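Only one structure is covered here, and it is reproduced in the block below.
Please treat every number below as a calculation from the coordinates, not as lab data. This one's a predicted model, so the numbers in the text were calculated from it and none came from an experiment. Every residue, glycine as well, gets a Cβ built from its backbone with ideal geometry; the counts of neighbours run over all protein chains shown.
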Amino acid sequence: MCGIVGFSGHSDAIHPIIEGLSRLEYRGYDSAGISYQVEGELKILKKEGKLENLKKLIEEIEPSSCIGIGHTRWATHGKVNDLNAHPHANDEFSIVHNGIIENANELREHLKKENFEFKSETDSECFLNLLTLEYKKCSEVKQAILNTFKQVKGNSAFVIIHKSSHLIYAIKKSAPLVCGINENSHEVYVSSDPYALVGFTTQIFFPKDNILCVGDHTNKTHGISFYDIEGAPSKNYTVQEKQMDLNIVSKGRFDHFMHKEIYEQPSLIRHLYDKITEKENLEALYNFRGSDINFIHIIGCGTAYHAGLLIKNFLEKNNRMRVNCEFASEFRYRNPLLKRTEAGLFISQSGETADTLACQELCKDFGLKTVSIVNVEGSTLFRECDANFLIHAGVEIGVASTKAFTQQVLVGYILTCALSEKIDLEEIKQEITSLAQGVEDILSREEEIMAIAREIYQKKGFIFTGRGEQFPIALEGALKLKEIAYVHAEGYASGELKHGPIALFDENMVNIAIVTPDLYDKTISNAQEVKARKGVMVLLGEKDNKELEEISDYYFGIDFAATDQLKPLLSNVFMQLLSYHIAKLKGTDIDKPRNLAKSVTVE
């Protein structure tokens, strides 16, 4: 979840490191720091809080160096403060770390017996001290790193510099790591995200697990050398063939990226049809249809899991296929029954979600075909799966996912159409066009949603409800409100209220209920039960429904008839805007909610 940037070259290292960290701010973090080398000595500057705090410190000191590493931390071990911020350094090495060292306590006790003192509460400092111990034994940096890495348990990426060397070292296991070179300037870069390197590098490499990358800007032939865990030269890496475009993102007329990204959805919905009907994408759909699959495991986390629930509904309804949808964090630990005739469908915006990647690896080990629905081409998930379906959402800056969810569900819907062996491009185009128009209609009525938000934003709690295809939207709506407004919110199937949650309702509890023509009578009865307990009723239903208007405190009508199976995506846009305006009224940091990260690379 942490952002890492490293540089070694002939020019100043500070600017590209800070620029790279700035690009990774969207991932979420709570402190930032850099370490650089000056005349055989390692210097460190780090500050709690936003990257801007570190930039001010740099402006005061005006450091200069040709080699350095930088880090934005999302705390796992130890409080959020300057001391626990990365990098960590001693008289020999400086390191940055992304991940969790699972045997940190054991290593810490061992190192204390070797007379090492710990300055921080982090697990990362265990790697630093263990590396120093190994270096004392062998006096060779590369071998010391390999010896240290073998002793560390858990999923992590490390980047290391030594006080008297121009080399930069990086190694990882099940954590994102990329390295790159600029063939013109002979500069070497390393990062946890290729986006940080765009415009700086001419070639980007993705090392496999347990591969040590050694960057040497003086080596004009190779620039970066790769070694296996025993120190032998290795070619166990991939090269990114297509360079990523640097999206110069701006909020434009919007106050927040999240708001802007909600408004991007109609054009992205239409654009997805154009992309999916390109020859190579159609071939991928046909190939997937031609495979012998009788069961699909859908795996995701958070918003991606909710998208998976909707895709499960599509597959069961359209394809009469047996489908299981699970949280990635649970799936891998319950010893699931897996067969070669099954497939794993993995959903992730970043393609770097640690739990999801672990599940993909598990399914692959059992011989299952693995397929991704992902936003980032070249991400770890993209590289590891047998087939990939890109959602073409562009860079999503807001930590709380909006447009990516819509695109994930749409790609899943199109995939189910392919599996049904009756892809009618004109029908798909009409359905997608109607959805885009429906979203535009909701966006044009934002003032109505703002008015509802003003009336309810100070209530003590919110329960979102829906039935059938709308139940995943109740879950997603509650998640959005929790993420950005920091209020208690829960998603429930409408029929489950009477089995416990209805005890919470009084005049300070809000029920945001989705009531569509499907299961209308049952769902309206559930709403009446809440109303009878004095709960505040916000109803989302079919346009011009007098009954819904009468029983609700606040009513928002949508033309659900304009779409067939994609109605939940219309409901969700209302939820996105409602959550956004409640959070805005509460004055929270909407794009960078506290304690959250965009790319969750730890378990």
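Output the Kirkwood hydrodynamic radius of the stretch 252-443, Cα pairs only, in Å rounded to one decimal. Write down the numbers at each step before the final one.
Values: mean 1/r = 0.0595 Å⁻¹.
Over the stretch 252-443, the inverse of the mean reciprocal pair distance is 16.8 Å.
Round to a whole angstrom and tell me the spacing of the C-alpha centers of the stretch 471-507 and the stretch 35-93.
If we compute the Cα centre of each part, the gap is 42 Å.
What percent does the relative contact order of the stretch 445-603 come to when contacts are Cα pairs within less than 8 Å and at least six residues apart? Spell out each step's value before the answer.
Working: 267 pairs, mean separation 44.1, N = 159.
Dividing the mean separation by the residue count of the stretch 445-603 yields 28 percent.
Using only the Cα atoms, what convex hull volume per residue in Å³ does the stretch 501-554 have? Spell out each step's value before the answer.
Numbers: hull volume 3.7 nm³, N = 54.
Per residue, the Cα convex hull of the stretch 501-554 comes to 69 Å³.
Taking every eigenvalue of the Cα gyration tensor of the stretch 7-129, multiplying by 5 and rooting it, what semi-axes result, largest first, whole Å?
Square roots of five times the eigenvalues give 25, 17, 12 Å.
For the stretch 252-443, what is the relative contact order in percent, using Cα pairs closer than 8 Å and at least 6 residues apart in sequence?
On the way: 307 pairs, mean separation 53.8, N = 192.
With pairs under 8 Å counted, the relative contact order is 28 percent.
Pull out the extension gain between Leu337 and Gln528, defined as 0.36 nm times the separation in residues minus the alpha carbon to alpha carbon distance; nm, one decimal. Mind dumping the intermediate values first?
Numbers: separation 191, 0.36 × 191 = 68.76 nm, distance 4.21 nm.
Contour length minus the Cα-Cα distance gives 64.5 nm.
Taking the Cβ of each residue in Cys66, Cys179 as the centre, tally the other Cβ atoms inside 10 Å and list the residues starting with the fewest. Spell out each step's value before the answer.
On the way: Cys66 18, Cys179 27.
Going from least to most buried by this count: Cys66, Cys179.
Averaging the inverse of every distinct alpha carbon separation and then flipping it gives the Kirkwood radius. What is it for the stretch 149-198, in angstrom units?
Working: mean 1/r = 0.0815 Å⁻¹.
It works out to 12.3 Å.
If amide H atoms are built 1.01 Å from N in the plane of the peptide, which residues on other chains or at least 5 residues away come under 5 Å of the amide H of Cys301?
Distant-sequence amide H within range of Cys301: Ala328.
Starting with the fewest neighbours, write out Leu362, Leu585 ranked by other beta-carbon atoms found within 10 Å of each beta-carbon.
Values: Leu362 21, Leu585 15.
By the 10 Å Cβ count, ascending, the order reads Leu585, Leu362.
Reported to two decimal places, what Rg/Rh ratio describes the stretch 34-77 when computed on Cα atoms with Rh from the Kirkwood expression?
Working: Rg = 11.3 Å, Rh = 11.4 Å.
Taking Rh as the inverse mean 1/r over Cα pairs, Rg/Rh reads 0.99.
For Asp228 paired with Glu427, estimate the spin-label separation in nm (one decimal), with each label point 7 Å from Cα along the Cα-to-Cβ line.
My value for the distance between the label points is 5.2 nm.
Across the stretch 72-169, how large is the tail of the calculated P(r) beyond 18 Å, expressed as a percent of all Cα pairs?
Details: 1951 of 4753 pairs.
Here the long-distance tail beyond 18 Å is 41 percent of all Cα pairs in the stretch 72-169.
What translational diffusion coefficient, in µm²/s and rounded to a whole number, does the Stokes-Einstein relation yield for the chain at 10 °C and a viscosity of 1.306 mPa s, taking the hydrodynamic radius as the Kirkwood radius over Cα pairs? List each step's numbers first, then the result.
Values: Rh = 25.5 Å.
Using the Kirkwood radius from Cα pairs, D works out to 62 µm²/s.
Quick one: give the max-minus-min coordinate of the C-alpha atoms of the stretch 270-340 along each principal axis, largest first, in Å.
Over the stretch 270-340, Cα extents along the principal axes are 40, 28, 22 Å.
Output needed: percent of Cα pairs per 10 Å distance bin for the stretch 390-542, bins running from 0 to the one holding the longest distance.
Over the stretch 390-542, the share of Cα pairs per 10 Å bin runs 10, 33, 35, 18, 5, 0 percent.
Could you work out how far apart the two model spin labels at Lys586 and Asn105 are, taking each label as a point 7 Å from the Cα in the direction of the beta carbon, and quote it in nm?
3.4
By a straight-distance test (C-alpha under 12 Å), which aspartates and glutamates pair with Lys482 as possible cross-link partners, with residues fewer than eight away in the same chain excluded?
Glu490
If amide hydrogens are placed 1.01 Å from N in the peptide plane, which non-local residues have theirs closer than 5 Å to the one on Ile558?
Gly541, Glu542, Lys543
Are any of the pairs Lys480/Lys584; Lys79/Lys113; Lys260/Lys592; Lys43/Lys137; Lys79/Lys251; Lys459/Lys480 more than 21 Å apart by Cα-Cα distance, and if so, which? Let's see the in-between values first.
Values: Lys480/Lys584 13 Å; Lys79/Lys113 25 Å; Lys260/Lys592 14 Å; Lys43/Lys137 25 Å; Lys79/Lys251 32 Å; Lys459/Lys480 16 Å.
Violating the 21 Å limit, Cα to Cα: Lys79/Lys113; Lys43/Lys137; Lys79/Lys251.
Take the Cα pairs of the stretch 479-593, get the Kirkwood Rh, then feed it into Stokes-Einstein at 20 °C and 1.002 mPa s and tell me D in µm²/s.
On the way: Rh = 15.0 Å.
In µm²/s, the coefficient rounds to 143.
For the stretch 419-458, compute Rh as the Kirkwood radius over C-alpha pairs and then the Stokes-Einstein diffusion coefficient at 25 °C and 0.890 mPa s; write the answer in µm²/s, rounded to an integer. Before the final figure, lay out each step's value.
Values: Rh = 12.7 Å.
It comes out at roughly 194 µm²/s.
What number, in percent, do you get for the relative contact order of the chain if the mean sequence gap of Cα pairs under 8 Å and at least 6 apart is divided by its residue count? Could the numbers behind the result be given before it?
Details: 1304 pairs, mean separation 73.8, N = 603.
After rounding, I find 12 percent.
Considering only DSSP states other than H, G, I, E and B, which GluC sites (Glu not before Pro) in the stretch 1-103 qualify as loop sites with at most 12 other Cβ atoms within 10 Å?
When the GluC sites (Glu not before Pro) of the stretch 1-103 are filtered for loop state and at most 12 Cβ neighbours within 10 Å, Glu39 remain.
In nm, what is the difference between 0.36 nm times the number of residues separating Glu278 and Glu52 and their Cα-Cα distance?
On the way: separation 226, 0.36 × 226 = 81.36 nm, distance 4.28 nm.
Roughly 77.1 nm would be gained on extension.
Give me Met509, Met575, Met321 sorted ascending by neighbouring Cβ count inside 10 Å, so fewest comes first.
Working: Met509 20, Met575 25, Met321 17.
Final ranking by Cβ density, sparse to dense: Met321, Met509, Met575.
How big, on average over all directions, is the shadow cast by the Cα convex hull of the stretch 312-394, in nm²? Kindly include the intermediate steps, with their values, before the conclusion.
Values: hull surface 22.1 nm².
Mean projected area of the Cα convex hull: 5.5 nm².
222 nm [θ] for the chain, helices only, -39500 (n - 2.57) per DSSP H run of 4+, per residue, to 500?
Working: 19 runs with 227 residues, N = 603.
Only helices count here, giving -11500 deg cm²/dmol.
As an exercise, identify the trypsin sites (Lys or Arg not before Pro) in the stretch 87-124 lying in DSSP coil whose Cβ has no more than 14 other Cβ atoms within 10 Å.
On the way: sites: Arg108, Lys112, Lys113, Lys119; in loops: Lys119.
Those satisfying the criteria are Lys119.
Enumerate by residue number the chymotrypsin sites (Phe, Trp or Tyr not before Pro) in the stretch 94-160 meeting two conditions: DSSP loop (anything except H, G, I, E, B), and at most 14 other Cβ atoms within 10 Å of the site's Cβ. Could you put the intermediate results ahead of the total?
Working: sites: Phe116, Phe118, Phe127, Tyr135, Phe149, Phe158; in loops: Phe116, Phe118.
The qualifying sites are Phe118.
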